[in-house]
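Engineer: The structure follows.
The values are calculated or read from the model by the stated rules, or taken from the named source; none is laboratory data. Predicted model only: the values in this text are computed from it and were never measured. No Cβ is skipped: glycine too gets one built from the backbone with ideal geometry, and neighbour counts run over all protein chains shown. Keep in mind that these areas ignore ligands, DNA and RNA; they rest on the heavy atoms of the full protein, side chains included. Shrake-Rupley method; radii C 1.70, N 1.55, O 1.52, S 1.80 Å.
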Amino acid sequence: MDDCLFCKIAAGDVPATLVRESETTVAFRDINPQAPTHVLVIPRVHHPDAASLSAAEPAIAADVLREAGEVAKDEKLDSYRIVFNTGSGVGQTVFHAHAHVLGGRGMQWPPG
């Protein structure tokens with residue numbers, strides 16, 4: 001999508017601090033980190049949220065999860081959280097499916 005920030009990052013049109021890339025995903029550091037390690041993993045294809053991505057392209061949804069695990073391994077995280085926000089009411093601000101990989105400190109449940 002022409003007006004999607006994450007589509008522009010995936011295309012290389014907007015700079016980001018890239019951590020990993022694959023044929024189907026891009027991982028980059030969050031500009032407003034909520035933990036010492038906070039990396040976003042996005043599919044290169046546009047879907048507004050994780051549910052629509054998994055319904056339309058389950059293999060790419062699996063790629064996002066696999067890459068999130070690889071990010072955690074690369075970042076040497078023993079424990080980490082993978083979060084998908086869906087909808088503005090829970091904090092989604094960019095409506096392109098993405099996983100947050102968070103780690104590097106203790107995290108309480110429930111969050112927020």
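Engineer: Please state, rounded to one decimal and in Å, the Kirkwood hydrodynamic radius that region 50-112 gives when every pair of distinct Cα atoms enters the mean of 1/r.
Structural biologist: When all Cα pairs of region 50-112 are included, the Kirkwood radius is 12.8 Å.
Engineer: Want the number for CYS4 to THR17: 0.36 nm per residue separation, take away the alpha-carbon distance, what's left?
Structural biologist: Stretched fully, the CYS4-THR17 segment lengthens by 2.9 nm.
Engineer: Oh, and also: Per the helix-only calculation at 222 nm, which mean residue ellipticity applies to the chain, given -39500 (n - 2.57) for every DSSP H run of n ≥ 4 and division by its residues, nearest 500 deg cm²/dmol?
Structural biologist: Result for the chain, helices only: -8000 deg cm²/dmol.
Engineer: What nm value, rounded to one decimal, do you get for the distance between ARG66 and THR93 when each label is placed 7 Å out toward the C-beta?
Structural biologist: Result: 3.1 nm between the two label points.
Engineer: Taking only protein heavy atoms and a 1.4 Å probe, what accessible area per residue, in Å², does the chain have with all protein chains in place?
Structural biologist: Per residue, the chain has 57 Å² of solvent-accessible surface.
Engineer: If you bin every alpha carbon distance in region 1-69 into 10 Å steps from zero, what whole percent lands in each bin?
Structural biologist: 21, 53, 26, 0
Engineer: Express the carbon and sulfur contribution to the solvent-accessible surface of the chain as a percent, rounded to the nearest whole number, probe 1.4 angstrom.
Structural biologist: Percent of accessible area from carbon and sulfur atoms in the chain: 53.
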